[in-house]
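Written out below as structure tokens is the structure these notes cover.
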Ligand code: SAM
Ligand code: SF4
């Protein structure tokens, strides 16, 4: 189901746009690697949950003075870059930042590997198959590097935060020139320079999280929807998950910086923003001198003249009443809530260290539905967690029905080196896990199809993102509750919110016709 849903989503052609922010503070460009020594332990440390758990509330500095060094400002002129992104929205947004930095260095983007002078693989470590894909791609790119020794081939993102991955690349894939971690993105100009002039591989991976760098340039993927990071890292330490090690501790951006970015996006014509974080509900918990949470931030953002505001991802544990109260006011705060549950069994949730039970999750859902009767709920589920019994899996199936999730990202548990769950013996055979995933996906498909059917004959507001890749005469976009709609309409509708009458409901999308005389809803 996930693949199907993703394929549908990938069918929309978007237009590029550039976006920049600026600010001022202590000069970042004057810093060298030595200044960052507090983060830099040799080159990297293996993920170590015990060490990570001990991390404290060390002060996080916010910098507003990112700049490209003079000698790197035009180094990319006449050259091209290509960034291949794997994994979540965080990575997609990091790619927008790296594209922004390379563009400021004079590079142009290309989607042709043969024309690229720099190729970066922005990787995901969440499951083994994500990693395998990247290693496959590193292998495919080898002939290109042999043909063109000046090509800079880099690996960045979550995989490069892992020692085993760095070792494997250095030993078996020596054609990779550059490896850098998730905390080193703003160092890209320096890293590219080193890769150009150094004979050895350049590796820069900080084991400790870095500061918050505010004024990084961005080349956003589209002109209609934009990602806005509100926080970085994760301190939840779910026992299966590598993220607290690859992304570091929770660090919230200051509200004024987020508000300024959203205002700027609204003024630039963006129609929808998605607030990003691994656990956005923990927003503000790291502020020492003020009580300010996601509910407060959303309330302030709701006053900005931008039609749609979403957020992802929510952790059920930090979803508080204040947030529900603010979301219930509606307006530009949309009532689609992605609330990953992971399992329907309290015992499995305990072993996952999720810090809620089936009952408390259902209680939260009840509260949300009471405050927002039309809210759409979607989720993430892992099947085949070590030693998950048939009965525990059945609890996930009944929870799926009880909540009435309209979509779910479903995964077979994948052991991640360095996480507590990976050290556990597991008595569930892979065949059984696959069978569970199959049954769960059948149920997810059924519930999605039923939810779609309810829209038949209805008129919905669609934010039109672009043409369908399958058929340029068909336009595509999303409803407020995140349903993909394909319909025939004029190209002038792209970038606008239009009324579409639904004529046909499929499992993962809706077909419709644009209603005449649609006036843009702002
Ligand atoms: N922070 C979010 C949360 O807690 O809900 C999720 C972020 S994670 C990038 C996205 C999803 O990947 C998780 O919700 C979980 O379902 C899945 N995931 C994470 N680690 C996994 C693992 N080791 N095996 C299988 N799925 C995993
Ligand atoms: Fe991973 Fe999400 Fe748990 Fe953080 S809250 S450890 S990102 S699953």
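Highest mean packing comes first when the peptides 411-417, 453-459 are listed by Cβ atoms within 10 Å, giving 411-417, 453-459. A Förster radius of 41 Å, combined with the Cβ-Cβ distance separating residue 150 from residue 92, puts the computed FRET efficiency at roughly 0.90.
Determine the relative contact order of region 283-379: mean sequence separation of Cα pairs under 8 Å and six or more apart, normalised by residue count, in whole percent.
27
Region 87-128 and region 453-481 have their alpha-carbon centroids 28 Å apart. Value of Rg to Rh for region 188-251, rounded to two decimals, is 1.06; Kirkwood radius and Rg both from alpha-carbon coordinates.
For 465, 347, which order do you get if you count the other beta carbons within 10 Å of each Cβ and list the fewest first?
Ranked by crowding around the Cβ, least crowded first: 347, 465.
Sorting the segments 196-205, 483-492 by their mean number of nearby beta carbons within 10 angstrom, highest to lowest, gives 483-492, 196-205.
Going from the fewest other Cβ atoms within 10 Å to the most, the residues 146, 443 appear in the order 146, 443. Here region 139-217 is treated as a sphere whose radius is the Kirkwood value from Cα pairs; by Stokes-Einstein at 20 °C and 1.002 mPa s it diffuses with a coefficient of 162 µm²/s. For the pair residue 398 and residue 366 in one chain, pulling the backbone fully straight at 0.36 nm per residue adds 9.9 nm over the alpha carbon distance.
Label sites at residue 350 and residue 129, each approximated as a point 7 angstrom past Cα along Cα to Cβ, lie 3.1 nm apart. Percent of Cα pairs in region 446-491 per distance bin of 5 Å, from zero to the largest separation: 5, 21, 28, 21, 18, 6, 0. Dividing the summed -39500 (n - 2.57) terms of all DSSP H runs of n ≥ 4 by the residue count of the chain sets its mean residue ellipticity at 222 nm at -9000 deg cm²/dmol.
Normalising the average separation of contacting C-alpha pairs (under 8 angstrom, six or more residues apart) by the number of residues puts the relative contact order of the chain at 14 percent. Derived from the Cα gyration tensor, the three semi-axes of the equivalent ellipsoid of the chain are 35, 29, 24 Å, largest first. Here region 308-457 is described by how far its Cα atoms reach on the three principal axes: 49, 35, 25 Å, from widest to narrowest. Our summary gives region 359-431 a relative contact order of 40 percent, counting only alpha carbon pairs under 8 angstrom and 6 or more residues apart. Here the Kirkwood formula puts the hydrodynamic radius of region 370-466 at 15.6 Å, using every distinct Cα pair.
Counted over region 328-383 with a bin width of 5 Å, the fraction of Cα pairs per bin, in whole percents, is 4, 18, 26, 21, 14, 10, 5, 1. Computed over the Cα atoms of region 409-522, pair by distinct pair, the Kirkwood hydrodynamic radius stands at 16.6 angstrom. Annotation: the antiparallel percentage among DSSP beta bridges lying fully within the chain is about 35. Modelled this way, with points 7 Å down the Cα-to-C-beta line, the labels at residue 458 and residue 431 are 4.3 nm from one another.
Quick note on region 206-326: its Rg to Rh ratio, both from C-alpha atoms and Rh being the Kirkwood radius, is 0.96. Taking every alpha-carbon pair in region 236-390 and binning the separations at 10 Å intervals from zero gives 10, 37, 34, 16, 3, 0 percent. Between residue 322 and residue 491, full extension at 0.36 nm per residue minus the direct alpha carbon distance yields a gain of 56.8 nm.
Readers should treat all values here as calculations from the given coordinates under stated rules, not as data from a laboratory. Everything numeric in this text was worked out from a predicted model, so none of it was measured. Counting neighbours? That spans all protein chains shown, and the Cβs are built from the backbone with ideal geometry, glycine included.
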